[in-house]
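This report concerns only the one structure given below.
The values are calculated or read from the model by the stated rules, or taken from the named source; none is laboratory data. Owing to the predicted nature of the structure, the values given are computational and were not obtained by experimental measurement. Note: ideal-geometry Cβ built from the backbone for every residue, glycine included; neighbour counts use all protein chains shown.
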């Protein structure tokens, strides 16, 4: 009788040990899943913050370009020879840059215009935007000196300006900007972007001395 009770107790003890092992295994698996989820959420949060910082810089640059362009006049597409072959009137003479095909060919990577408070008789005060070293740059002295508008984390592959209606007494002048590039603070946060915006000048394009 005592041997029977001892065997039964040993069997119960052995079964309880298995239960403990199974329970611990399930617990460890659950902990690993939770930790993995927390790591994923942390990475996603870091990527979101990095992308927000970069896109805020890009948004600020585009807002500045759009606002200044809208209030300006005497649009000129191109940066003069040799940057823009055939452009001999840079920067203060109106010049169109149309699309040459349905895929957006044509245009130019440089755009100049007279600012809101500029002097149309001064050829050295034009605002100029261009793409240089994968960054958007701005000049306020007709291209003599440039300053970067976009951060190093914004790698711009394409910047094209398409300009229409610059001649006096024609259509209202307008410019279409197309940007393509990658915004990132690291390889893990790299995000492609494609942006297009069209701006028309608020300044009347009439010849007041016909």
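Points worth noting:
- In region 45-53 there is no residue that is under 30 Å from residue 98 (Cα atoms) and under 15 Å from the mean Cα position of the chain (by Cα).
- Meets criteria (surrounded by fewer than 19 Cβ atoms within 10 Å (Cβ to Cβ) and modelled with pLDDT of 85 or more) for residue 45: no
- Scope region 139-189; condition touching a residue at least 40 places away in the same chain (Cβ under 8 Å), over 26 Å from residue 120 (Cα atoms) and in a loop (DSSP other than H, G, I, E, B); matching residues: 150, 151, 153, 184, 185, 186
- Of all the listed residues (93, 100, 88), the sole one being over 15 Å from residue 178 (Cα atoms), free of Cβ contacts under 8 Å to residues at least 24 places away in the same chain and touching a strand residue (DSSP E or B) at 6+ places or on another chain (Cβ under 7 Å) is 93.
Yes/no per residue for (1) part of a helix (DSSP H, G or I); (2) in contact with a helix residue (DSSP H, G or I) (Cβ under 7 Å, 6 or more places away or on another chain); (3) buried (at least 17 other Cβ atoms within 10 Å of the Cβ):
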| site | (1), (2), (3) |
| --- | --- |
| 53 | yes, no, no |
| 56 | yes, no, no |
| 60 | yes, no, no |
| 63 | yes, no, no |
| 67 | yes, no, no |
| 79 | no, no, yes |
| 83 | no, no, no |
| 92 | no, no, yes |
| 111 | no, no, yes |
